[in-house]
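Enquirer: This is the structure I want to talk about, given as structure tokens.
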Amino acid sequence: MPTLTIADLPYSNNLRVAEIVRDGIPARALRIFADTLSLNLTDIARVVLIPRRTLERRMAANALLRTGESERVVRLGRIFAKAKDVFEDSDEAATWLNEPLDSFGGQTPLQLSSTEPGAREVEQILGRIEHCVFS
């Protein structure tokens with residue numbers, strides 16, 4: 001079975017993504033996702049609200065994330081997929097997601113995306129960028 005790549009989940013297929021979340025995302029997939037986002041393991045753990053040591057233990061045991069944890073990872077994956085689509089480049093998307101923004105009170109879009117309401121705000125800003133609406 002190929003390695004699950006969070007950045008490339010079929011986000012347009014909600015039923016498939018729901019199945020992946022229910023089954024649990026392999027903890028080890030977060031290391032690849034962290035690299036994609038130019039984050040270290042501590043930073044990705046903080047953003048998905050999993051204690052770093054817990055994440056390290058799960059990775060070492062080749063364990064799956066719990067449903068709630070998998071949902072938070074998918075939320076970030078959706079945000080990254082949207083940013084990648086808007087900026088038409090993975091590196092530019094990762095850079096934007098890691099950049100503190102005044103419109104987010106100095107937080108990065110990734111930090112804000114650690115909660116559902118924050119992620120919705122990031123999605124709205126990405127939509128404005130995509131459609132050149134600056135207000």
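The values are calculated or read from the model by the stated rules, or taken from the named source; none is laboratory data. What you see is a predicted model; the values in this text were computed from it and never measured. Virtual Cβ from ideal backbone geometry, glycine too; neighbours counted across all protein chains shown. Ligands, DNA and RNA are stripped out before the accessible areas are found, and what is left, the full protein with its side chains, is counted by its heavy atoms. Shrake-Rupley method; radii C 1.70, N 1.55, O 1.52, S 1.80 Å.
Enquirer: What net charge is computed for the residues neighbouring Arg52, neighbours being all others with C-beta under 15 Å from the C-beta of Arg52, Lys and Arg scored +1, Asp and Glu -1?
Expert: +4
Enquirer: Take the Cβ-Cβ distance between Glu121 and Asn98 as r, set R0 to 22 Å, and report the resulting FRET efficiency rounded to the nearest 0.05.
Expert: 0.85
Enquirer: Right, something else. Which ³J(HN,Hα) values in Hz, rounded to whole numbers, follow from the phi angles of the range 31-45 under the Karplus curve 6.51 cos²θ - 1.76 cosθ + 1.60, where θ = phi - 60° and Gly and Pro get x?
Expert: Residue by residue, the range 31-45 yields 5, 5, 5, 4, 4, 4, 8, 6, 10, 8, 4, 4, 5, 5, 4 Hz.
Enquirer: With θ set to phi - 60° and the Karplus curve 6.51 cos²θ - 1.76 cosθ + 1.60, what are the ³J(HN,Hα) couplings of the range 59-70 in order, to the nearest whole Hz, using x for Gly and Pro?
Expert: 5, 4, 8, 6, 8, 9, 6, 6, 4, x, 5, 4
Enquirer: Report the extension gain between Thr54 and Asp23 in nm, rounded to one decimal, defined as 0.36 nm multiplied by the number of residues separating them, less their alpha carbon distance.
Expert: Gain on extension, Thr54 to Asp23, equals 9.3 nm.
Enquirer: Enumerate the whole-percent occupancy of each 5 Å bin, from 0 to the last occupied one, for all C-alpha pair distances of the chain.
Expert: Result, from short to long distances: 2, 11, 21, 25, 20, 13, 6, 2, 1, 0 percent.
Enquirer: Need one number: nm distance between label points at Asn62 and Ser114, each 7 Å from Cα along Cα→Cβ, rounded to one decimal.
Expert: 3.1 nm
Enquirer: For Asp85 paired with Leu15, estimate the spin-label separation in nm (one decimal), with each label point 7 Å from Cα along the Cα-to-Cβ line.
Expert: Roughly 2.0 nm, to one decimal.
Enquirer: Tell me, what ³J(HN,Hα) does each residue in the range 113-127 have, in order and in whole Hz, if you take phi through Karplus 6.51 cos²θ - 1.76 cosθ + 1.60 with θ = phi - 60° and put x for Gly and Pro?
Expert: With coefficients 6.51, -1.76 and 1.60, one gets 6, 6, 10, 4, x, x, 4, 5, 5, 4, 4, 5, 5, 4, x Hz.
Enquirer: Which percent of the accessible area of the chain is formed by carbon and sulfur heavy atoms (probe 1.4 angstrom)?
Expert: 48 percent
Enquirer: May I ask you to give the solvent-accessible area per residue for the range 1-133, in square angstrom, as obtained with a 1.4 angstrom probe?
Expert: Working: 7310 Å² over 133 residues.
The answer is 55 Å² per residue.
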